[in-house]
Amino acid sequence: MAKKKIIVILLTALVFLSVAVLGVSAVYRVDEVTVVATTLSNEAKTEAEQLQKRLEEVYGRKSMFFVERDLAEEIVEQFPYFRITDFEKSYPNRLIVDIREDEETYAVPCLNAEEGYYILGADGTVLGVRTDYSNRSDVTGKRKNVLITGLSVVGEKGGTLSGDTSLAYTLAFCQKVNELLDGIQSNILQVDVVKGGSLEDTVVLKLTTFEGVKIYVRNPSLHTEEKARLAIEKYFALSDSERTTGMIVALDKNGTPSIAYSQEDEFEGIIN
């Protein structure tokens, strides 16, 4: 008899506990999803609204106790321009997701010229594919992304490019220059990957600056970041008049990175 009473008490307690949990869960459900978007372009504002609707569809009326950031990350991956910077549960019913628009930085021609250009972020992520490479955050349409030519690549939105063996170190070099200049677009117009043969040591990166001086990097696959550092340091050291003409050359001498400046632009001597 005592055993039965204990079982009844336990069952009753379990029922009350279940009801309590269900009651609390019903109260703590997502009623509002707030997306706080840091945007650089008008297009991003529209995309942020679309993203918010998608998050509302997925999280709406879900128990706050079972809401996880991983699902939001998967959804944001469908919007390549955005990254989640914060994810907060504001009890009892509000979910706050902070997102930031990645800035367009580079443009690489597609294999099919009719498709236009792969538009890349600073980390090399494919943000979009367009027929022009104007930076979408510039309402005047005059500002361009840094054009990278000489690569044969393929890619999809939200992913990374693949194909050319020169791609990895070209992007690594550009990313280091971007870091050193605090924004590569402020000083560099175009990066050309010039191949003098089938070997990596015949590759030259040709950087065209706004002022006019060219930067040539021989065999950028070797000492990639060091050559970028030396080239930008030399660029900063030039006078205003020197920056309008001539060339900066980064190459290897006896296995060590070396830098030089000449008032004459002798590109053929660099690649041969």
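Table for the structure above
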read-out: Long-range amide H partners of residue 144 with built H, under 5 Å; value: 135
read-out: Over the chain: helical MRE at 222 nm, DSSP H runs n ≥ 4 each giving -39500 (n - 2.57), nearest 500; value: -10000 deg cm²/dmol
read-out: Kyte-Doolittle mean at least 0.0, axial Cα span of 24 Å or more - DSSP H helices of the chain; value: 2-27
read-out: Solvent-accessible surface ranking, highest first, for 195, 53, 45 at 1.4 angstrom; value: 53, 45, 195
read-out: Integer Hz, Karplus 6.51/-1.76/1.60 couplings in order for the stretch 194-200, x for Gly and Pro; value: 10, 10, x, x, 8, 8, 5
read-out: Sequence-distant residues sharing a close amide H with residue 209 (under 5 Å, placed H); value: 189, 215
read-out: Test item: Cα-centred dipole of the chain, Lys/Arg +1 and Asp/Glu -1 on Cβ, debye; value: 1500 debye
read-out: Set of lysines with alpha-carbon distance to residue 195 below 28 Å, sequence-local pairs under 8 removed; value: 144, 157, 176, 206, 214, 227, 234, 253
read-out: Note, ³J(HN,Hα) from phi for the stretch 202-208, Karplus 6.51, -1.76, 1.60, rounded to Hz, x at Gly and Pro; value: 9, 7, 10, 8, 10, 9, 9
read-out: The stretch 175-238, accessible surface, carbon-and-sulfur percent (1.4 angstrom probe); value: 46 percent
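The values are calculated or read from the model by the stated rules, or taken from the named source; none is laboratory data. As the structure is a computational prediction, the values presented were derived from the model and not from experiment. All Cβ positions, glycine included, derive from the backbone under ideal geometry; neighbour counts span all protein chains shown. Quick note on the areas: whole protein, heavy atoms, side chains included, nothing else; ligands and nucleic acids left out. Shrake-Rupley method; radii C 1.70, N 1.55, O 1.52, S 1.80 Å.
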